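The values are calculated or read from the model by the stated rules, or taken from the named source; none is laboratory data. Computed from a predicted model, the values in this text were never measured in an experiment. All Cβ positions, glycine included, derive from the backbone under ideal geometry; neighbour counts span all protein chains shown. Accessible surface is based on the protein model in full, side chains and every heavy atom, while ligands, DNA and RNA are left aside. Shrake-Rupley method; radii C 1.70, N 1.55, O 1.52, S 1.80 Å.
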There are 4 protein chains.
Amino acid sequence: MEDLLKEINQFRDERDWRQYHSHKDLAISVSLEASELLENFQWKTDKEAVAVNKQNIQEEIADVYIYLMMLADDLDLDIKDIVRQKLTKNAEKYPVDEVHELNQKAVD
Amino acid sequence: MEDLLKEINQFRDERDWRQYHSHKDLAISVSLEASELLENFQWKTDKEAVAVNKQNIQEEIADVYIYLMMLADDLDLDIKDIVRQKLTKNAEKYPVDEVHELNQKAVD
Amino acid sequence: MEDLLKEINQFRDERDWRQYHSHKDLAISVSLEASELLENFQWKTDKEAVAVNKQNIQEEIADVYIYLMMLADDLDLDIKDIVRQKLTKNAEKYPVDEVHELNQKAVD
Amino acid sequence: MEDLLKEINQFRDERDWRQYHSHKDLAISVSLEASELLENFQWKTDKEAVAVNKQNIQEEIADVYIYLMMLADDLDLDIKDIVRQKLTKNAEKYPVDEVHELNQKAVD
């Protein structure tokens, strides 16, 4: 993971692109790439989307990841730390027992 | 990275949530969380956004990451592989020399 | 339509809000409100979404409309003119006869 | 406004497209077109965006409008009614006097 972040940063630093990377514009980029990812599923079922657009889906997932890692790194956030913190917070918000009850209700 | 993916999958499997995770709905979730991330920068400069919203920015980055990893995993995509492939493709599209010329033109 | 635009502009001018409305931030707002609209359909079928979220869907459609009209007006664009121009362009791109053939192929 | 809605509906009915227009997919389309609109402002100031992308900005505003009107119409919502209701609700949430105080504080 640290290696991958290094490769991403190397990519932008070789091109002197970090000067353009305001946090706000990187957040816009994450959102735009997420929309391009979603576009592959527009008017389609999962099966149709994967059959027709698998390569593009793969590339857009990579694009979202790349911009997200740039933004996290520029904010001095360690992705592992913040994901683990969020999972812990979500686990408190959605306790396993309560969720199973809700799942059950949804099908009753 | 593999550990983190395991923890994300464990989180949804303990709650039996994978049954709801169509690719299309996960792609929608990535896009919605990316918008919630961007919302922290609405009407604000970078400095203002970070001063007021740092904690929420951190959580939304984690949310985008979590849904993105779920989607990639459900599609049997290895995130390291697809990111490296995309960086290679981008490097061919934006050769270092040409980019430096463009950067220079932008300030001339 | 002109009346409605006047009411929208009156709303922001009474609050002296136009000073904050950069085009870029209004475009961000249109995108964020569109995501909040879409959020009503997350993990749901049309029927479920309308049953549970009709009131919120209605409000988010209004929010997208309000920001879109502000942006168009700030750019001196007449919405009727630009929509008609786009419909004409789309009609040339998707001729009725060709579309009917494609529709038919999709079910064959 | 009613005329414009009729022209939009005529466009999709001539192509028998209403059969594909689930509410969820239309909401996705509004969100995707809003992102394409926002893309014109990525890495740019307002002035740069308008100088380079005015024509595309205009077309994307029209696209957001077209899908938004389709969705509202399919849900039997009158756009004038729901926008006026939202403006009234917003006016209660943001009373003119309080907003002026907040505006003042922001510059103090």
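Here are the numbers for the structure shown:
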{"read-out": "Qualifying residue in region A:80-93 (condition: surrounded by 20 or more Cβ atoms within 10 Å (Cβ to Cβ) and either more than 19 Å from residue B:29 (Cα to Cα) or touching a residue at least 24 places away in the same chain (Cβ under 8 Å) (or both))", "value": "no"}
{"read-out": "Residue in region D:65-72 that is facing chain C (nearest Cβ under 7 Å), more than 18 Å from residue D:4 (Cα to Cα) and crowded, with 22+ Cβ neighbours inside 10 Å present", "value": "no"}
{"read-out": "Any hit, region A:22-40, residues being more than 8 Å from every other protein chain (Cβ to nearest Cβ), within 30 Å of residue B:50 (Cα to Cα) and not in a helix (DSSP H, G or I)", "value": "no"}
{"read-out": "Residue in region C:4-23 that is crowded, with 22+ Cβ neighbours inside 10 Å and aliphatic (A, V, I, L, M) present", "value": "no"}
{"read-out": "Failed criterion for residue A:43 (all others in (1) farther than 26 Å from residue B:2 by Cα; (2) more than 8 Å from chain B (Cβ to nearest Cβ); (3) open to solvent by less than 30 Å² (accessible area, probe 1.4 Å) hold)", "value": "(3)"}
{"read-out": "Residues located in region D:48-58, provided they are open to solvent by 30 Å² or more (accessible area, probe 1.4 Å) and within 9 Å of another protein chain (Cβ to nearest Cβ)", "value": "D:50, D:54"}
{"read-out": "Every residue from region B:85-99 that is more than 13 Å from residue A:63 (Cβ to Cβ) and either of a type in the set (A, V, I, L, M, F, W, C) or at the interface with another protein chain (Cβ under 7 Å from one of its Cβ atoms) (or both)", "value": "B:91, B:94, B:96, B:99"}
{"read-out": "Which listed residue, of A:26, A:75, A:38, is touching a residue at least 40 places away in the same chain (Cβ under 8 Å) and buried (at least 21 other Cβ atoms within 10 Å of the Cβ)", "value": "A:26"}
